[in-house]
Amino acid sequence: MSLGMQIADTINCGITVIDTEYSIQYWNRWMEIHSGVERASILGKNIFDVYPNLRNPQFIRNCRSILSFGNFVFISQKLHQYLFPFKPISAFANNPVEHMQQSCSMFPIRGEDGAITGICITVYDMTELVLYQMKLLNMSRTDMLTGLYNRRYLEERLQEEWERHRRHCRPLSLILFDIDHFKEINDTYGHIFGDLIIKTVAAIGRDNLRDIDVIGRYGGEEYCCILPDTNCTSALFVAERIRKAIGDNKIEHKGIGVKVTISAGVAQMNSGMEEAEELIKLADCALYKAKNAGRDKVALEI
């Protein structure tokens, strides 16, 4: 084995070489380990036969530009995620990605006469970095106590939904609800039990929404639900379902059982509103209407 091949077999990245007919001419040790395919069994095979996912217009176009013009191509993980569908290896628990995340480069291989004889593809495993970035992003938008979205992300998401639904003239509704007499409960039973109530109410609220709905902890014992493609009539039904589910649930901790109730305000986006914040203000008015009506109620503000 030549010095160059020894080096290529020990560096921490994948290297494969294909000829002008797309047959695999080199497959380094890294590629063997992560693909589970030994070098002897893959050399000479057409890369599209081994990895049919590469038979796509963009990859073929990249190959042709390299073979015809000697171009260099960088394939970003952020745009394409991966070239080779290898199994991800990560120290992160609950790995959410199905395939190893890769940044790849493609460049020409030339013979002694300078003619292009093939393409070298290098593969760098970016999975750990991607998962770390995902974890940081999730932490930045998640309320740590409940696991729901935090207020900052809710406001960003509401603005996105607001613009989309205004553009397409689709209904958009909002529910604000909070736990009745929470301060008294917290003072009576302590902060640990208070935190349990906040988490339980959050879980019940989440379980009574659709996948496309967005729920978050708006602050303290207050929650916000964004309901895309939902008019106020349907939103009232959803709010009532959440109110009843929470009221029917007895929260227990160390022999203590407490029933809690919520008050909820519902509002729907209308043509007279100029910004998303007005929808929140309207739902907040409806929430206070529910409280003034005796709590454990759902109210609508138009």
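Computed values, structure above
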quantity	calculated
Dipole magnitude of the stretch 3-133, debye to nearest 20 (Cβ charges: Lys/Arg +1, Asp/Glu -1, about Cα centre)	300 debye
Computed [θ] at 222 nm, deg cm²/dmol, the chain (DSSP H ≥ 4; -39,500 (n - 2.57); rounded to nearest 500)	-13000 deg cm²/dmol
Lysine-lysine proximity count for the chain, Cα under 16 Å, sequence distance 8 or more or distinct chains	14
Computed magnitude of the charge dipole of the chain (debye, nearest 20; Cβ of K, R +1, Cβ of D, E -1)	340 debye
Relative packing of peptides 192-202, 53-63, 222-232 - highest average C-beta neighbours within 10 Å first	222-232, 192-202, 53-63
Nearest-ten-degree value, helix 127-141 long axis tilted from longest Cα axis of the chain	20 degrees
Burial ranking of peptide ranges 67-77, 249-259 (average Cβ count within 10 Å, highest at the top)	67-77, 249-259
For the stretch 3-133: Kirkwood Rh in Å [reciprocal of mean 1/r, alpha carbons]	15.4 Å
Estimated translational D of the stretch 145-300 in µm²/s (Stokes, Kirkwood radius over Cα pairs; 4 °C; 1.567 mPa s)	83 µm²/s
Between 0 and 90°, nearest 10: helix 191-207 axis offset from the chain longest Cα axis	70 degrees
Rel. contact order, % - alpha carbon contacts under 8 angstrom, at least six apart, the stretch 145-300	29 percent
Length-normalised contact order for the chain - Cα pairs under 8 Å, 6+ apart - percent	13 percent
Backbone HN-Hα couplings from phi across the stretch 18-33 [Karplus 6.51/-1.76/1.60, Hz, Gly and Pro as x]	10, 8, 5, 9, 6, 8, 6, 10, 8, 8, 7, 4, 4, 5, 4, 5
Which of Met139, Ser173, Asn150, positive extreme of dipole for the stretch 109-257 (C-beta unit charges)	Ser173
Helix 151-168 vs. the chain, principal-axis angle (Cα, 0 to 90°, nearest 10)	80 degrees
Distance cut-off 17 Å, percentage of C-alpha pairs in the stretch 48-124 lying past it	52 percent
Compactness of the chain as Cα Rg over 2.2 N^0.38 Å, two decimals	1.47
Calculated P(r) tail over 19 Å for the stretch 77-178, as whole % of Cα pairs	65 percent
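Read the figures in this text as sums done on the coordinates, not as results from a lab. Predicted, not measured: the structure shown is a model, and the values here were computed from it. Every residue, glycine as well, gets a Cβ built from its backbone with ideal geometry; the counts of neighbours run over all protein chains shown.
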